[in-house]
1. Quick one: if the Förster radius is 45 Å, what FRET efficiency do T243 and N115 give, using the C-beta to C-beta distance and rounding to 0.05?
2. So, R0 is 56 Å and r is the distance between the beta-carbons of A22 and A151; what FRET efficiency does that work out to, to 0.05?
3. Regarding segment 382-431, what is the average projected area of its C-alpha convex hull, in nm²?
4. Of G369, L185, Q155, which is farthest along the charge dipole of the chain in the positive direction, counting Lys and Arg as +1 and Asp and Glu as -1 at C-beta?
5. Would you calculate, for the chain, the mean residue ellipticity at 222 nm contributed by helices, counting each DSSP H stretch of 4 or more residues as -39,500 (n - 2.57) and dividing by all residues, to the nearest 500?
6. Once you have the Cα-Cα distance between A159 and E380, take 0.36 nm times their residue separation minus that, and quote the gain in nm to one decimal.
7. Scan around D28 for amide H atoms under 5 Å from its own, H built in the peptide plane at 1.01 Å from N, and keep only partners 5 or more places away or cross-chain.
8. What is the calculated FRET efficiency for E130 to S361, with r their C-beta to C-beta distance and R₀ = 25 Å, to the nearest 0.05?
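The numbers here are math on the coordinates, done by the rules we state, and not lab data. It should be emphasised that the depicted structure is a prediction, and the values quoted were computed from it without experimental measurement. Please note: Cβ atoms are built from the backbone with ideal geometry, for glycine as well, and neighbour counts cover all protein chains shown.
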Amino acid sequence: MTSQAATNAAGVPAQLVEALAATPGADDWQCAVRREDEAQIYLIGTRIEALRHVNSTQTQAVLYSDHPPASGSGEDASPARGSTAVTLSGGDLADLARLAARLANGVAMARLIDNPPFALPTMPANSFPETLINDDGLARDLPGALEAIRAELEQAVAAQPEVRLSSAELYATHSSTAFRNSRGLSGAYEGTHVSLDLALLARSGDQEAEFHAMISRRRPADLQLAPTIAAYATYARDILHATPPATHSGPVILSGDALGQASAPTLGGGLAGFFAPVAFQTSGQAAFQKLARCAPGEFITGEEPRGDRLTVRADALRPWGNNTAPFDKDGVPATSVPLIEDGVLRRYWTDMRSAAWLGESAPTGDFAGIALAPGAWRLEDLRSVTDGPVYEIVSFSLMLPDPITGDFVAEIRLGYRHDASGVHPIKGGSLSGNVFTAFQDARLSAAIFSDGAYYGPMSIRFGALSIAGE
């Protein structure tokens with residue numbers, strides 16, 4: 001099951017390498033070829049609506065051109081480096097004249113961009129790290145594995161009273177990625193993914209409620225369908241009886257999906273979801289652009305935390321992580337980097353560009369996954385009621401904090417109010433606050449949760465967040 005980057009350019013078409021090397025004005029280049037073999041099942045209820053098997057190949061070249069900057073000051077001005085990505089079709093690769101024209105146009109576009117210079121990575125001295133991302137059994141029989149997942153899903157839903165499967169889309173993918181650049185770096189790796197996009201429908205009398213969920217993992221075993229569906233079925237049933245929350249300012253817990261929801265890498269690196277501001281504010285990009293809220297050695301929260309202190313890693317090596325790979329999009333070897341320790345920023349994570357611009361000799365690579373050290377709190381203690389209600393949010397409709405300020409407002413899809421009279425489901429209203437201010441007073445659970453990109457406490461209680469409700 002080990003996927004190790006090869007040290008050859010297998011999978012990169014020779015004609016593309018030759019064309020890139022011969023392109024006038026291309027001072028550097030890199031190219032990647034990604035091939036996917038995917039089985040798909042579409043369900044309406046438990047009925048199979050469609051079965052598909054899809055193969056695809058994606059080829060992309062990035063061209064770099066060094067040129068005098070448009071805002072330069074005479075002959076002594078340092079050269080700027082521009083870059084542009086060119087997506088190539090099979091027809092482009094088959095027609096050498098057409099390929100040359102596409103690449104020449106890419107160089108022309110690159111020369112319109114003025115960035116500080118940076119160097120492409122060379123082959124690492126110790127090759128690339130080994131990563132566990134390829135499930136051999138899944139890769140050998142995608143349709144068979146997907147059918148087994150479908151049957152397990154049907155069984156898991158059937159075990160839940162008053163809940164049925166409304167619809168589902170199931171995907172099993174085996175991919176291979178080959179990479180090469182003009183500095184002699186080359187590598188290749190394989191990986192697998194299984195993904196479910198499903199809707200559960202709960203019914204009580206004349207009322208119905210739907211709960212939508214998306215699950216993605218590297219291997220079928222990590223889907224944990226029986227307990228996962230049991231949890232989502234409970235959510236669907238609870239939505240039937242949920243009421244809007246009251247306006248509240250005080251303790252709020254984020255649990256499970258509400259913490260990891262949409263924690264996937266963005267195109268520019270970093271994450272979406274609740275931890276997007278943490279990913280951005282610990283980046284070399286933020287430091288270079290003078291947008292970082294603090295420098296190494298300072299508290300990421302600004303003030304000294306009153307509660308548990310964050311310890312955070314950017315982890316591109318976690319076994320079976322959704323975004324784990326031996327190297328990033330620029331060929332930088334994967335690492336697991338401590339960014340925050342006991343609430344204090346220790347260093348920035350850097351991609352190829354930001355490392356050069358900050359004067360660092362070795363980039364850490366793109367942010368591929370976030371790992372938080374757990375706390376010592378039991379879930380029942382986090383939910384304990386003292387001076388008033390405690391709200392626990394388990395799902396948002398959308399969580400998109402401002403990555404620079406950390407401010408957020410998110411609609412509550414499902415949560416719970418814990419008070420002296422018991423536990424009551426709530427939906428609607430919105431939660432607002434600031435990620436960094438919130439972590440000035442936080443309690444982290446000892447229980448762990450992972451959604452494939454987020455790995456950390458199952459629940460975090462924040463001392464003071466605001467709910468806009470009735």
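1. Working: r = 53 Å, r/R0 = 1.17.
E(calc), rounded to 0.05, equals 0.30.
2. Details: r = 53 Å, r/R0 = 0.95.
Between A22 and A151 the formula returns 0.60.
3. On the way: hull surface 16.4 nm².
If you wrap the Cα atoms of segment 382-431 in a convex hull and average its projections, you get 4.1 nm².
4. Among G369, L185, Q155, the one farthest towards the positive end of the dipole of the chain is L185.
5. On the way: 12 runs with 96 residues, N = 470.
When only DSSP H runs of four or more count, the value is -5500 deg cm²/dmol.
6. On the way: separation 221, 0.36 × 221 = 79.56 nm, distance 2.67 nm.
Value of the extension gain: 76.9 nm.
7. Y64
8. On the way: r = 24 Å, r/R0 = 0.96.
FRET efficiency, E130 to S361: 0.55.
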